[in-house]
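Take a look at the structure set out below.
The values are calculated or read from the model by the stated rules, or taken from the named source; none is laboratory data. Note that the coordinates shown come from a computational prediction; the quantities given were computed from them, not determined experimentally. Glycine also receives a Cβ, built like all others from the backbone with ideal geometry; neighbour counts cover every protein chain displayed.
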Amino acid sequence: MVSTPLLPCLAHAINIPPQWRHPESGWTCLHVDGAVSTSTNNAAVGGLLRDCSRQWISGFQRAIEKCKPLQTELWAILVGLQFAWNQGVEILQIQSDCAEAVKMVNAMHVDSSPLPLVRAIAKLRRNGWVTDII
């Protein structure tokens, strides 16, 4: 994991902004976000894993190659899913502030998406756990 100033939202993540929803009892929540530098197009993603009481469990951040904002948000979801799976989470709600990315990964025909990131997310979601992406 690479520390980067591209993730200012994570510096304030201890106090989750009001737009983040409180997950139902029994669920683990992962708040994900991505950021792209306007000068270099370098990107980074990160996330915070919390229990249903909003208690911090763990977090991650990762530098990503140059990409566009939507791709970065999809990377945040994919890396977040990988992170939660490796943490042993069985019931996961991912919260993203990118409605377009959420719509793409929740689409009816996600397995036939033209985007490899979307197909990778769909494949990981079939790993024998419960996931919800909002």
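Would you be able to say whether some residue in segment 35-49 is within 16 Å of Ile121 (Cβ to Cβ), more than 10 Å from the chain's Cα centre (by Cα) and in a strand (DSSP E or B)? So far as segment 35-49 goes, no, none of its residues is within 16 Å of Ile121 (Cβ to Cβ), more than 10 Å from the chain's Cα centre (by Cα) and in a strand (DSSP E or B).
Looking at the structure I just gave you, is Lys123 out of contact with any Leu (no Cβ under 9 Å at 6 or more places or on another chain) and at pLDDT 95 or above?
Yes: the conditions hold for Lys123.
Restricting attention to segment 77-134 and to residues that are of a type in the set (Ser, Thr, Tyr) and over 11 Å from the mean Cα position of the chain (by Cα), the residue that is farthest from Gly59 (Cα to Cα) turns out to be Ser112.
Every residue, every condition in (1) touching a strand residue (DSSP E or B) at 6+ places or on another chain (Cβ under 6 Å); (2) over 23 Å from Trp27 (Cβ atoms), yes or no:
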position: Leu70; (1), (2): no, yes
position: Ala84; (1), (2): yes, no
position: Glu90; (1), (2): no, no
position: Asp111; (1), (2): no, yes
